[in-house]
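As structure tokens, the structure follows; a few thoughts come after it.
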Amino acid sequence: MKSLKKNLAAAIDHTLLKPDATDDQIRRLCQEAMAYHFATVCVQPCHVRLAAELTAGSGVKVCSVVGFPLGANVTAVKVAEAQRAIDDGAAEIDMVMRIGALKSGDAATVLGDIQAVVDLCHEHQAICKVIIETALLTDEEKVRACELVRQAGADFVKTSTGFGPGGATVPDVALMKRAVSGSPVQVKAAGGIRTLDTALQMIEAGATRIGTSSGVAIIQAANQT
């Protein structure tokens, strides 16, 4: 447990994706991320350039979102959005899967959509995480989504946008971890992670990255115990 707490900050994507986020709030987010040595700041595409300028040379990377939060954009738009975010300074992209296509049994569309963004990201040495929005899926669909993420060669499969009907759960993280076992794909837990205990439970279940807007409170709690 002590080692988990010690390395926790480096596993956190310090996140601000609210539609009303101001430039001053983005500045504060970046300052906090640099002070606590978080892995990334995760921001909307319109804030990538500012965040990249603020974190330049600090070791904190910029993460942005694509097809967010519904995943319903056509593939070409997702690719263009990812390209622009990378051009503006993003080193990591969290894309939302075509959820309706998965639930329709259209694996080819889901795979092609993911593959196009993954290939673009890897062409630019950027990390690609795929959000499957677990709260909208059955367990069978979650496993199928993870298989497609794995097949597409993405770097992470991620639980939630934080804008859906539910966030990350320990059982979902454990299920996803099992579904990608034996592959390089890692698991990111996001959505509703606000306390140290919850963050640690997610890591123990198999997550190697945590998306949260409560990173400062979580690390402050870790430093007090």
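We did not get these values from a lab; they are worked out from the coordinates using the rules stated. Computed from a predicted model, the values in this text were never measured in an experiment. Because the Cβ atoms are built from the backbone with ideal geometry, glycine has one as well, and the counts that use them run over all protein chains shown.
Need a quick list: helices (runs of 4 or more DSSP H) entirely within segment 1-108 having at least 2 residues that are surrounded by 23 or more Cβ atoms within 10 Å (Cβ to Cβ) and in contact (Cβ under 8 Å) with a residue 12 or more places away in the chain.
23-36, 48-55, 75-88
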*Which of the residues spanning segment 109-127 are in a helix (DSSP H, G or I), surrounded by fewer than 20 Cβ atoms within 10 Å (Cβ to Cβ) and either without any contact (Cβ under 8 Å) to a residue 40 or more places away in the chain or under 16 Å from the mean Cα position of the chain (by Cα) (or both)?*
Thr109, Gly112, Gln115, Asp119, His122, Glu123
*Report yes if Arg194 is touching a strand residue (DSSP E or B) at 6+ places or on another chain (Cβ under 8 Å) and of a type in the set (Lys, Arg), otherwise no.*
yes
*Could you give me the residue pairs with C-beta distances under 7 Å whose first residue belongs to segment 158-172 and is over 10 Å from Ile131 (Cα atoms), whose second residue is basic (Lys, Arg) and not in a loop (DSSP other than H, G, I, E, B) wherever it lies, and which are 6+ apart or on separate chains?*
Asp172/Lys142
*Could you grab me the full set of residues in segment 47-75 that are closer than 16 Å to Asp24 by Cβ and under 17 Å from the mean Cα position of the chain (by Cα)?*
His47, Ala51
_segment 170-189, subset charged (D, E, K, R) and in contact with a Lys or Arg (Cβ under 8 Å, 6 or more places away or on another chain), residue farthest from Ile114 (Cα to Cα)_ = Asp172
_Suppose we keep only residues that are of a type in the set (S, T, N, Q) and over 21 Å from Thr109 (Cβ atoms) within segment 161-185. Which one would you say is nearest to the chain's Cα centre (by Cα)?_
Thr169
*asked:* Quick check on segment 186-208. Is at least one of its residues in a helix (DSSP H, G or I), of a type in the set (Gly, Ala, Ser), more than 15 Å from the chain's Cα centre (by Cα) and more than 13 Å from Lys158 (Cα to Cα)?
replied: yes
*asked:* Can you pull out every residue in segment 132-166 that is within 16 Å of Gly211 (Cα to Cα), in a loop (DSSP other than H, G, I, E, B) and touching a helix residue (DSSP H, G or I) at 6+ places or on another chain (Cβ under 7 Å)?
replied: Ile132, Glu133, Thr159, Ser160, Gly164, Gly166
*asked:* For Ala199, only one of the following conditions fails: (1) surrounded by fewer than 24 Cβ atoms within 10 Å (Cβ to Cβ); (2) among the hydrophobic types (A, V, I, L, M, F, W, C); (3) farther than 30 Å from Asp87 by Cβ. What is its number?
replied: (1)
*Only one of these is of a type outside the set (Asp, Glu) and over 23 Å from Val60 (Cβ atoms): Ala199, Ala179, Ala207, Ala154. Name it.*
Ala179
*List pairs: first in segment 206-217 and on the phi > 0 side of the Ramachandran plot, second in a helix (DSSP H, G or I) and small (Gly, Ala, Ser), Cβ under 6 Å, 6+ apart or cross-chain?*
Gly206/Ala174
*Of the residues that make up segment 206-222, is at least one more than 26 Å from Ala35 (Cβ to Cβ), buried (at least 20 other Cβ atoms within 10 Å of the Cβ) and among the hydrophobic types (A, V, I, L, M, F, W, C)?*
no
